[in-house]
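Input: a single structure, listed below in structure tokens.
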Amino acid sequence: MLSEEDYAKVAKEALHQYPIIWEKLVYLGKSDNVTFQVQTNDDNQKYLIKIHISTISIHSKGNVASELIWLEALVKDTNLVVPAPVRNFQGDLVTEISTDLSENTFMVTIHHWIHGSVLKREPTSNETENLALLMAALHKHSMQWIPPEGFIRPIYNSDHLYSSLNQLKQLVNLELISSEVFVYVEESAHKIANVIQNHKRLPSNWGIIHSDLHESNYVFYEDTPRSIDFSNSGYGFYLFDMAETFMHLSSENRKVFISTYSKVNQLQENYFEILEAFFIWSIIRTFAFHSLNSNEQPSLAENFPSVIQNYFRKYLKGENFLLN
């Protein structure tokens, strides 16, 4: 297990390969990536350095680079403020670092720092409108953008759904939730898989999505939201992207979001039925992710019965819940 100091050594080694004159590294945290803020002698010129620890064995350099290729396209084609990548001296988006700390090669990327603040509260109606416009702009770009050859990102489909389901089932094996309760999750997953399979992919409903635009992955600069952390970006339905964001919005703000978004990108006739299915999918995905952390498993088990009652049972009965 590498320490914060070990990862700092990797970051410093990587920085030698970039046109950045830096003064200080500030450790931010560790999840799928280990991140540091890179400070310079100019407060307005900061960077984010990411060490992609979760990608060492399961993803390729091309997969990591593809995330940054989309970011570069967003910078070039739109007025959106996103974490623009910095290329190294060789012109590469991803820098590979070998050290004596690990037998693995570390993949490192650097982004321009996005200024703004995490809300740490429910957005206002006006902030929700701006958040909807942000997502609509991301989707509008995705509809028109043609990824280059070799572009590799995750695909959010029924296989992804069942992968999350299998991970979540570990809580049953650990006897933290009962098999009787988990039946509602399994039945819901099968119902959602049918929705996914029957939902025809069109340029107007499927493309590259952020897929993780929750309250910790956007910041507000004055009244304008800015999306950050595109680590989970991939191919998916635009309504799935919306469902992920709805996980962290009140029912009233969900109504505001839908109203605002639909003024930019037209929603299909049966969008609400699909959106509710994808909302349940988002719950499965989120719970599965947190179940990987043994420290979070007890709280997941504690919250599970109410989530089943308020969402899964209603979904299986065909009762609407998203705007209630």
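When you scan the range 72-85, do you find a residue that is under 30 Å from Leu133 (Cα atoms), basic (Lys, Arg), under 25 Å from the mean Cα position of the chain (by Cα) and assigned to a strand (DSSP E or B), even just one?
Scanning the range 72-85, I find no residue that is under 30 Å from Leu133 (Cα atoms), basic (Lys, Arg), under 25 Å from the mean Cα position of the chain (by Cα) and assigned to a strand (DSSP E or B), so the answer is no.
(1) hydrophobic (A, V, I, L, M, F, W, C); (2) crowded, with 17+ Cβ neighbours inside 10 Å; (3) in a loop (DSSP other than H, G, I, E, B): which one isn't true of Ile21, the others all being true?
The number of the failed condition is (2).
Listed here are the residues, each with its yes/no results for (1) surrounded by 18 or more Cβ atoms within 10 Å (Cβ to Cβ); (2) closer than 18 Å to Thr124 by Cβ.
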residue: Phe246; (1), (2): yes, yes
residue: Arg254; (1), (2): yes, yes
residue: Leu275; (1), (2): yes, no
residue: Phe278; (1), (2): yes, no
residue: Arg285; (1), (2): yes, no
residue: His290; (1), (2): no, no
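Report every pair of residues separated by at least 6 positions or lying on different chains whose Cβ atoms are under 7 Å apart, first residue within the range 296-314 and under 15 Å from Val183 (Cβ atoms) and in the same structural domain as Phe246 (by TED's automatic domain parsing), second among the small types (Gly, Ala, Ser) and part of a helix (DSSP H, G or I).
Phe312/Ser188
Suppose we filter Leu176, Leu133, Leu161, Leu171 for residues that are out of contact with any strand residue (DSSP E or B) (no Cβ under 8 Å at 6 or more places or on another chain) and part of a loop (DSSP other than H, G, I, E, B); which single one remains?
Of the residues listed, the single one that is out of contact with any strand residue (DSSP E or B) (no Cβ under 8 Å at 6 or more places or on another chain) and part of a loop (DSSP other than H, G, I, E, B) is Leu176.
Can you give me the number of residues within the range 259-298 that are modelled with pLDDT of 95 or more and in contact with a Ser or Thr (Cβ under 7 Å, 6 or more places away or on another chain)?
So the answer is 3.
Just give me the residues in the range 57-103 being touching a Gly at 6+ places or on another chain (Cβ under 9 Å) and of a type in the set (Ser, Thr, Tyr), in sequence order.
The answer is Ser66, and nothing else.
I need every pair where a residue in the range 219-237 that is over 19 Å from Asn63 (Cα atoms) has its Cβ under 8 Å from the Cβ of a residue that is among the acidic types (Asp, Glu) and surrounded by fewer than 23 Cβ atoms within 10 Å (Cβ to Cβ), sequence separation at least 6 or different chains.
Phe220/Glu127; Asp223/Glu127; Pro225/Glu127
Which numbered condition trips up Leu174, out of (1) in the same structural domain as Leu213 (by TED's automatic domain parsing); (2) hydrophobic (A, V, I, L, M, F, W, C); (3) under 20 Å from Phe246 (Cβ atoms)?
Every listed condition holds for Leu174 apart from (3).
Are there helices (runs of 4 or more DSSP H) fully within the range 256-324 with at least 3 residues that are more than 23 Å from the chain's Cα centre (by Cα) and more than 14 Å from Thr245 (Cα to Cα)? List them.
Because the criterion is at least 3 residues that are more than 23 Å from the chain's Cα centre (by Cα) and more than 14 Å from Thr245 (Cα to Cα), the helices (runs of 4 or more DSSP H) in the range 256-324 that meet it are 297-307, 313-317.
With modelled with pLDDT under 95, under 25 Å from Lys317 (Cα atoms), surrounded by fewer than 17 Cβ atoms within 10 Å (Cβ to Cβ) and in the same structural domain as Phe289 (by TED's automatic domain parsing) as the only criterion, which of Ser179, Ser163 stands out?
Ser179
Can you list residue pairs whose Cβ atoms sit under 8 Å apart, with the first residue in the range 98-112 being over 19 Å from Thr40 (Cα atoms) and the second being surrounded by 14 or more Cβ atoms within 10 Å (Cβ to Cβ) and among the aromatic types (Phe, Trp, Tyr)? Count only pairs 6 or more apart in sequence or on different chains.
Ser98/Phe106; Thr99/Phe106
Could you identify the single residue in Phe272, Phe257, Phe287, Phe278 that is over 30 Å from Ser60 (Cβ atoms) and touching a residue at least 60 places away in the same chain (Cβ under 8 Å)?
On inspection, the qualifying residue turns out to be Phe257.
The values are calculated or read from the model by the stated rules, or taken from the named source; none is laboratory data. Remember, it's a predicted structure, so these values are computed and weren't measured experimentally. Reconstructed Cβ throughout: ideal geometry from the backbone, glycine too, with neighbour counts over all protein chains shown.
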